[in-house]
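FYI, it's all coordinate maths here, none of it is from the lab. As the structure is a prediction and not an experimental result, all values here were calculated from the model. Using ideal geometry, Cβ is built from the backbone for each residue, glycine included, and neighbour counts are taken over all protein chains shown.
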Amino acid sequence: MADQAAVADIDETSALPTEPPAPPTHPVVEALVNQALAAQRQIENWSEARIDALLRALATVVADQAEALAVATVAETGMGNVRDKTLKNMVASTGIYQRLAGQKGYGEISFDKEKQVAEIASPVGVIVGLVPAIHPVATFIFKALIAIKGRNAIILSPSRRAHRVSQQVGMLIREALVAAEAPANLVQWLGDH
């Protein structure tokens with residue numbers, strides 16, 4: 001009986017938090033996210049043709065350096081071999097570009113007349129991705145291409161074991177973004193700041 005009285009005295013509304021606590025933030029991460037959001041908003045309404053041209057530019061800059069980036073990856077990480085990494089870099093850049101080009105990445109993707117249901121693609125804003133040491137270049141370009149096709153910005157977190165080559169591919173992508181008159185902060189990575 002005493003336990004029931006004690007429970008009855010508790011004000012239920014003050015015992016439970018009304019909102020979950022805000023997650024802790026880090027100034028660098030907060031800056032990256034804000035820059036990515038601003039960049040994403042700039043491309044949100046780009047045409048498929050303009051997005052595909054940007055994807056081609058990004059894929060080409062990585063494909064043109066596929067072997068040099070493979071050499072850098074093997075030298076830095078000690079994993080794999082140059083021939084296989086070169087092929088992987090080519091597939092993840094030009095191969096993925098060829099698969100994405102001409103596809104719809106925004107708006108109505110399909111419509112089922114029988115069910116009267118439309119499939120609509122829309123950007124989520126900012127995507128965060130991990131880049132493993134085993135395939136840093138291929139993962140970096142692949143994730144950048146698929147994010148941008150959906151009109152999203154991306155922040156990548158490369159493995160510390162592949163820091164230098166991730167910097168290298170990130171800078172190539174950033175230069176290609178700027179040359180294509182796209183926002184430089186559309187693709188960002190931790191360790192760049």
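GNM on the chain, alpha-carbon springs under 10 angstrom: the most fluctuating residue among GLN65, GLN167, GLN116 is GLN116. Principal-axis analysis of the Cα atoms of the chain puts helix 48-64 at an angle of about 60° to the longest axis.
Comparing ASP52, ASP64, ASP112 in a Gaussian network model of the chain, where Cα atoms under 10 Å apart are tied by springs, the biggest mean-square fluctuation is seen for ASP112. About its Cα centre, segment 109-193 has a charge dipole of approximately 280 debye under the convention of +1 per Lys or Arg Cβ and -1 per Asp or Glu Cβ, with nothing else charged.
Our analysis of segment 80-193 gives Rg over Rh at 1.04, with the two radii drawn from alpha carbon positions and Rh computed by the Kirkwood formula. Comparing the chain with the 2.2 N^0.38 Å rule of thumb, its C-alpha radius of gyration ratio is 1.36 (two decimals). Rounded to the nearest 20 debye, the dipole size of the chain about its Cα centre is 1140 debye, using +1 on the Cβ of Lys and Arg and -1 on the Cβ of Asp and Glu.
Build a GNM of the chain with springs between Cα atoms under 10 Å: which of ALA49, ALA118, ALA63 gets the top mean-square fluctuation? For the chain, modelled as a Gaussian network with Cα springs under 10 Å, the answer is ALA118.
Where does helix 163-179 land angle-wise versus the long Cα axis of the chain, in degrees 0 to 90, nearest 10? Result, in degrees: 80. Helix 66-77 and the long axis of the chain differ in direction by around 60°, with both axes built from C-alpha atoms.
Per residue of the chain, what 222 nm ellipticity follows from adding -39500 (n - 2.57) for every DSSP H run with n ≥ 4, rounded to the nearest 500? That calculation yields -16500 deg cm²/dmol at 222 nm.
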